[in-house]
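Beneath this line is the structure, given in structure tokens, with notes to follow.
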Amino acid sequence: MTEPIRVLLIDDHTLFRSGISLLLSKQPDIRVVGEAADGAEGVKQVHALTPDVVLLDLNMPGLSGLEVLQLILQDAPDLAVLMLTVSEEAEDLGLALRNGARGYLLKNIDADFLVSAIRRAHDGEAVIAEGMTAKLVQQFRAAGSVPAANSDKVRLTPRECEILGCLARGDSNKVIARKLDVAESTVKIHVQNILKKLSLSSRVQAAVYAVEHGLG
């Protein structure tokens, strides 16, 4: 039997943590292993509990979410950290992703999206709240992180363009495979080819490229 995804909650609002914990307790493949009410305690809990996924608030008293993110990724660079925040500021989004967050979620998302985001982050995917991708584009442009692809040289197949559009909408490989009625392994190969052709390094950058070029 597959071990459940171990989740740690770091948020200074007790009621919010309780609600998330109750929601996740209903998922057979997810287990909340701990909660922390501030950043310093959160860092300690990460070391003590070794979670698979951390849900981290951005704005907290004492250590900020970004400071906590930096501290925990120093020792566990592959840990999946999802920022869970009320901030829709492009600057906060860009800083979180540049500092290693696996995703950026807004606290007004629905329960199903949150559960899906935890699973996808655990599988190595980057997850961004719907509507935030366009703001991410601005951040990548400002930082020069998205290579300017020459349309005369970069040739994507119609299928690759279709999959690129799905990436822009935040679809996982499994969802894309279901939509296109192909094997998940086939989608994975297409994504790898897309990244190679566009000289990009991640699905997030591919999503940004898709929005910039009207494919998302």
Item to complete: Starting from region 75-86, take each residue that is more than 15 Å from VAL43 (Cα to Cα) and of a type in the set (Val, Ile, Thr) and list its partners that are open to solvent by 10 Å² or more (accessible area, probe 1.4 Å) and in a strand (DSSP E or B), counting only C-beta distances under 7 angstrom and pairs at least six apart or across chains.
Response: THR85/LEU106; VAL86/LEU106
Worksheet item: Can you tell which of VAL175, VAL204, VAL127 is in contact with a Gly (Cβ under 6 Å, 6 or more places away or on another chain), at pLDDT below 90 and closer than 30 Å to PRO4 by Cα?
Response: VAL127
Discussion item. Quick check on my filter: what residues within region 198-216 are open to solvent by less than 80 Å² (accessible area, probe 1.4 Å) and either over 17 Å from TYR104 (Cβ atoms) or free of Cβ contacts under 8 Å to residues at least 40 places away in the same chain (or both)?
Written reply: LEU198, LEU200, TYR209, ALA210, GLU212, GLY214, LEU215
Worksheet, complete the sentence: Filtering region 74-91 down to residues that are modelled with pLDDT under 90 and touching a strand residue (DSSP E or B) at 6+ places or on another chain (Cβ under 7 Å) yields GLU88
Fill in: First in region 175-193 and under 16 Å from ASP123 (Cα atoms) and of a type in the set (A, V, I, L, M, F, W, C), second anywhere and open to solvent by 40 Å² or more (accessible area, probe 1.4 Å) and outside any helix (DSSP H, G or I), Cβ under 7 Å, 6 or more apart
ALA177/ALA183
Practice prompt. Please work out if GLY103 is closer than 30 Å to VAL32 by Cβ, open to solvent by 50 Å² or more (accessible area, probe 1.4 Å) and at pLDDT 85 or above.
Written response: no
Worksheet entry | Single residue of region 1-31 satisfying the filter (in a strand (DSSP E or B) and over 21 Å from LEU63 (Cβ atoms)) that is most open to solvent (accessible area, probe 1.4 Å) | ARG31
Worksheet item: Does ALA111 satisfy the criteria of being within 16 Å of the chain's Cα centre (by Cα) and open to solvent by less than 20 Å² (accessible area, probe 1.4 Å)?
Response: no
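Residues are listed down the side, and each one gets a yes or a no for (1) in a helix (DSSP H, G or I); (2) more than 25 Å from LEU167 (Cβ to Cβ); (3) touching a Ser or Thr at 6+ places or on another chain (Cβ under 6 Å):
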position: VAL54; (1), (2), (3): no, no, no
position: GLY62; (1), (2), (3): no, yes, no
position: GLU88; (1), (2), (3): no, no, no
position: LEU95; (1), (2), (3): yes, no, no
position: ALA101; (1), (2), (3): no, no, no
Practice prompt. Starting from region 15-32, take each residue that is modelled with pLDDT of 95 or more and list its partners that are open to solvent by less than 50 Å² (accessible area, probe 1.4 Å) and of a type in the set (Ser, Thr, Tyr), counting only C-beta distances under 6 angstrom and pairs at least six apart or across chains.
Written response: VAL32/SER21
Worksheet item: Which one of these does VAL54 not meet: (1) under 19 Å from ILE30 (Cβ atoms); (2) among the β-branched types (Val, Ile, Thr); (3) more than 13 Å from the chain's Cα centre (by Cα)?
Response: (3)
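The values are calculated or read from the model by the stated rules, or taken from the named source; none is laboratory data. Computed from a predicted structure; not experimentally measured. Neighbour counts run over all protein chains shown; Cβ positions are idealised from the backbone, glycine included. Side chains are part of the model used for accessible areas, which takes the heavy atoms of the whole protein and leaves out ligands, DNA and RNA. Shrake-Rupley method; radii C 1.70, N 1.55, O 1.52, S 1.80 Å.
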